[in-house]
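Laboratory data are not the source of any read-out in this text; all were calculated from the coordinates shown. These numbers were taken from a predicted model, which means no experiment stands behind them. Methodologically, a virtual Cβ is constructed for each residue, glycine included, from the backbone with ideal geometry; neighbour enumeration extends over all protein chains shown.
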Amino acid sequence: MPHVEGRRNVSLRSRVILLTAICVAGAVALASVGAFMVVSSNLYSQVELSIQSTANNALDTIHRYQGSDTTLVPVGSKDLIVAEFTITGQVRTNNDTLPLPKLTTNEQSYLKQDGCTSVRKDVATDNQVMVCNVAPGVALLVAQSLKPTEQLLQKLALVLVFVGIGGVLVAALAGTAVAQGGLRPVTRLRQATDHVTATGDLRPIPVTGDDELAMLTTSFNTMLGALAESQERQRRLVGDAGHELRTPLTSLRTNLELLLASEKPGAPNLSAEDRREIYDDVQAQIAEMTTLIGDLVELAREDGPQAVHEPVDMVELVERALDRARRRAAGQQFLVSVQPWYLLGEAHALERAVLNLLDNAVKFTPADGIVRLEMKPVGDGTMLIEVADSGPGIAEADLPHVFERFYRSSEARTLPGSGLGLAIVAQAAERHGGKAYAGRAPEGGALMTIRLPGRPSAG
């Protein structure tokens, strides 16, 4: 457990630096081992070629001066040994300062046979050795010390070790620079998150570049924008709701205070007609507040995230909304034309939207007027629900605002309502990938339209 906890505490920057250093260390180690092996192989090959060349030169010299006492010539390197062995055990060498390798059993056989042995290493003297037959009973030994080569390889190994350590240090520094530069956007995101948590400030973070971290910052800014928009909607909703509730609450309080004051001793008595009017006014104000609070709850519920996956038969949904609207109507007639349409959505929200359109049309239609509802596909994967009334219509200046929360035209201010019904319609349409429109009907009244995606069959 302590080990796991310690590993969790390692920061991302430290892990980037450590990973960079490990990768560079591995690469340097592989390169160093490869370089050492190549150089070592080449040096030993050069020693072997040098021995073979010296042996050939010595043989040529011996054959050239046959019959002379000078059968060995000096060589240019002090690390080379040229020695002559006879079958009787006599030995002559050109270098008495270096230890002379002994002949192996196989090499002694070359006193009697022609040819040369392959190059071997003499462990006792640390030499590379080659033996050739010169004449019957005479063998030539050529040896070269490996100490210079081994010393050179030791120096090379030491240099490679220091180069590797230096490379790891440089890699660690480079990793630090890369981590600081590359993780700077991540640091900004963390600081922005801390700032949002501490202050609630949802200003976006500056975006630089077009890499993955820039895309992450852009996504974070999008999230901040959505959160800021949600907070602004909530503030507007609360502010508008407070403003709309203030009027009925003030009127209700005034009426209640008047009723209570009339009950006090010595206060003037209210007539039965005045008292009935006050009671009717209180009931109307309570009904208005009930409607307003219900709409606020519905609108707040629509603001929340919802998973929309329920199959909805729009014909059945429209018929249910029509039944409810007919019960609320005051004699208006309904002209209905619907065609089959299905979609994935939330039936309750869509039914509430259609009902709000019908209630709005009934409110502006005279008692002997007609409310027209038509639901029809338009051929582009969407359908339209059109609700037209027989009222005075919507003024041109009011058309862009009819779906705003608490907005009420001058004609609608004298009628009951909270100003939230059409806002609920627009919000339900948008949550289902559609849109709500307001316009003028051919009959002269208002025409409210919802466009929704879907398909004409249930399959």
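Report the percentage of all Cα-Cα pairs in region 308-453 whose separation exceeds 24 Å, rounded to a whole percent.
I get 25 percent for the Cα pairs in region 308-453 exceeding 24 Å.
Could you compute the FRET efficiency for VAL159 and GLU48, with r as their C-beta to C-beta distance and R0 at 25 Å, rounded to 0.05?
Working: r = 24 Å, r/R0 = 0.98.
With a Förster radius of 25 Å, E is 0.55.
With Kirkwood's inverse mean 1/r over C-alpha pairs for Rh, give me the Rg to Rh ratio of the chain, two decimals please. Walk me through the intermediate numbers first.
Values: Rg = 50.8 Å, Rh = 33.0 Å.
Checking Rg against Rh, the ratio lands at 1.54.
So which lysines can LYS147 reach, going by Cα to Cα under 19 Å and dropping same-chain residues fewer than 8 places off?
Filter leaves LYS78, LYS102, LYS121, LYS155.
Between GLU404 and GLU212, how high is the FRET efficiency from 1/(1 + (r/R0)^6) when r is the Cβ-Cβ distance and R₀ = 51 Å? Nearest 0.05.
Between GLU404 and GLU212 the formula returns 0.80.
For a label point 7 Å from the Cα of LEU227 along Cα→C-beta, name the residues of region 175-203 whose backbone N is under 14 Å from it.
189-203
Kindly put LYS363, LYS376 in sequence by how many other C-beta atoms sit within 10 Å of each C-beta, fewest to most.
Listed from fewest to most nearby Cβ atoms, that is LYS376, LYS363.
Under the rule that an exposed site lies in a DSSP loop and has at most 11 other Cβ atoms within 10 Å, name the longest stretch of the chain with no GluC sites (Glu not before Pro) of that kind, not counting the sites themselves.
1-262
222 nm [θ] for the chain, helices only, -39500 (n - 2.57) per DSSP H run of 4+, per residue, to 500?
Result for the chain, helices only: -18500 deg cm²/dmol.
Points 7 angstrom from Cα along the Cβ direction at VAL186 and LEU258: gap in nanometres?
Result for the modelled spin labels: 7.0 nm.
Tell me, what ³J(HN,Hα) does each residue in region 265-271 have, in order and in whole Hz, if you take phi through Karplus 6.51 cos²θ - 1.76 cosθ + 1.60 with θ = phi - 60° and put x for Gly and Pro?
x, x, 7, x, 7, 8, 6
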